[in-house]
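Asks: First the structure, then my questions, so here it is.
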Amino acid sequence: MATYTLPELPYDYAALEPVINPQIIELHHDKHHAAYVKGANDTLEQLEEARNKEAWGAINGLQKNLAFHLSGHILHSIYWHNMTGDGGGEPLAADGVGDLADAITESFGSFAGFKAQLTKASATTQGSGWGVLAYEPLSDRLIVEQVYDHQGNVGQGSVPILVFDAWEHAFYLQYKNQKVDFIEAMWQVVNWQDVAKRYAAAKERTDVLLLAP
C-alpha cells in the first residue's frame, strides 16, 4: 500500500476563477501534484530495496529525490486549502482571525509590509520555487521564506502556513511569463481562515524543536 496519497481538491476546478482558470487547476492537481506523490512512494520503495540489498551507490540521489517529492506533496497539500473563491483582502479580527492579524503586524510591522515581502519573495524565485509564510518556533514569530524547488533554503523547524506556488506550471497557461502578475492576483483568493487555523496549530506544537535534552 502506498504511503502517500493524492488528496482531493476542496473545491471544483472552476472555483478560483478568474484568478486561476479550471485547466490550470486540473493539470496542476491531477498531473503535477500526483507526480510528486508517485515520486515519493517510488523513492521509498527504492530506499527499501537499497537497504535489503545493502546497495548504497545511489543513496545521495535517492535522499534528494525523497526530499524533493515529499516536500512537493506537502506544499501542494497546503496550497489547495490556502485558497478559496471567497477569499482575499487581509485578515481582520472581525472575521475571527485576529490572532493571525496581530502576529503579522508584530512580525512584519504591518500587513502591507508583510504583503510586499511575500510578493517579492514569491515573484523573484530563481527558476522554480515558492514564497512561504511560516511560523518559526524558536523565536515564536512569523517569517517569510523563499523556497527553491520544493525543499531548498528552508529554516529547519519552521512550519509553512501560507504558500504561493511560483513554479511555471502554476500559472503559465494563463499568465504566460508574467509571474509577478500571478502572484499579485493570488492575494484575491487567500483563505485567511485556513491560514489562521494553521497558525494556531503551529503555535500549539511547543515541543517541535528539542534544543536541549
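Asks: Once Rh for the range 143-198 is found with the Kirkwood sum over Cα pairs, what is the Stokes-Einstein diffusion coefficient at 4 °C and 1.567 mPa s, in µm²/s? Each step should come with its number before you reach the end.
Replies: Details: Rh = 12.8 Å.
D, rounded to a whole number, is 101 µm²/s.
Asks: I'd like to check one number: the per residue accessible area of the range 110-213, probe 1.4 Å, reported in Å² as a whole number. Intermediate values should be presented prior to the final figure.
Replies: Numbers: 5100 Å² over 104 residues.
Heavy-atom SASA per residue in the range 110-213 reads 49 Å².
Asks: In terms of Cα to Cα distance under 25 Å, which lysines are near enough to residue 38, apart from those fewer than 8 places away along the same chain?
Replies: 53, 64
Asks: Using Cα positions and a limit of under 25 Å, work out the lysines in reach of residue 120, with same-chain residues fewer than 8 apart set aside.
Replies: Residue 120 reaches 176, 179, 197.
Asks: If each DSSP helix of 4+ residues adds -39,500 (n - 2.57) and the sum is divided by the residues in the chain, what number results at 222 nm, nearest 500 deg cm²/dmol?
Replies: About -14500 deg cm²/dmol.
Asks: Give me the percent of the accessible area of the chain that comes from carbon and sulfur atoms, probe 1.4 Å, all protein chains in place.
Replies: 50
Asks: Moving to a separate point now. Kirkwood Rh, the range 31-132, all Cα pairs: how many Å?
Replies: Roughly 16.8 Å, rounded to one decimal.
The values are calculated or read from the model by the stated rules, or taken from the named source; none is laboratory data. Just so it is clear, the structure is predicted and the values come from calculations on it, not from any experiment. In case anyone asks, the SASA skips ligands and DNA or RNA and just uses the protein heavy atoms, side chains included. Shrake-Rupley method; radii C 1.70, N 1.55, O 1.52, S 1.80 Å.
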